[in-house]
């Protein structure tokens with residue numbers, strides 16, 4: 001019987017310790033603040049008193065398709081990721097290192113990475129270096145892949161055929177493959193897919 005009460009007392013002690021640690025952990029907060037990076041990047045974002053400007057993947061695709069020459073696109077990801085795939089006409093990180101020799105401060109610069117984290121660092125360097133018009137690709141490569149290369153049109157049932165065709169052409173222009181899904185089985189699906197061999 002004495003053993004029974006001793007175990008209960010040990011359980012209570014461990015219970016109090018666990019409760020204390022849980023409260024202490026709640027007070028300390030998230031041990032991985034970068035895990036909330038996506039939530040922190042909701043516009044408008046201000047870094048050191050400067051407003052971060054964004055461009056959407058759709059607007060960037062439009063600039064590229066219209067052969068807009070008034071901007072420079074820089075991929076701030078590591079070289080192996082750049083070599084694997086990059087947005088057409090993008091320069092890699094090596095170009096960024098010599099940007100002051102190649103680019104006038106009044107030229108528009110668009111930066112992107114996988115999730116804006118490394119782009120924000122480069123953005124800050126450029127702004128502090130005197131560059132006026134520096135934009136981040138909103139959502140980075142993930143946004144480019146989801147909205148341009150592989151847009152899922154099955155989640156947008158309200159699109160008309162003209163809008164679908166525009167999205168499809170944009171995706172194909174950049175080597176993508178739009179996901180039409182089950183929603184577009186009727187005339188629209190037949191229009192986009194060959195039947196038979």
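The values are calculated or read from the model by the stated rules, or taken from the named source; none is laboratory data. Note that the coordinates shown come from a computational prediction; the quantities given were computed from them, not determined experimentally. As a convention, Cβ positions derive from the backbone with ideal geometry for all residues, glycine included, and neighbour counts pool all protein chains shown.
Among helices (runs of 4 or more DSSP H) entirely within region 93-176, having at least 1 residues that are surrounded by fewer than 13 Cβ atoms within 10 Å (Cβ to Cβ) and assigned by TED's automatic domain parsing to the domain that holds residue 64 singles out 93-97, 99-102, 117-128. Residue pairs whose Cβ atoms lie under 6 Å apart, sitting 6 or more positions apart in sequence or on different chains, and linking a residue in region 42-63 that is in the same structural domain as residue 134 (by TED's automatic domain parsing) and in a helix (DSSP H, G or I) to a partner that is at pLDDT below 60 and buried (at least 16 other Cβ atoms within 10 Å of the Cβ), do not occur here.
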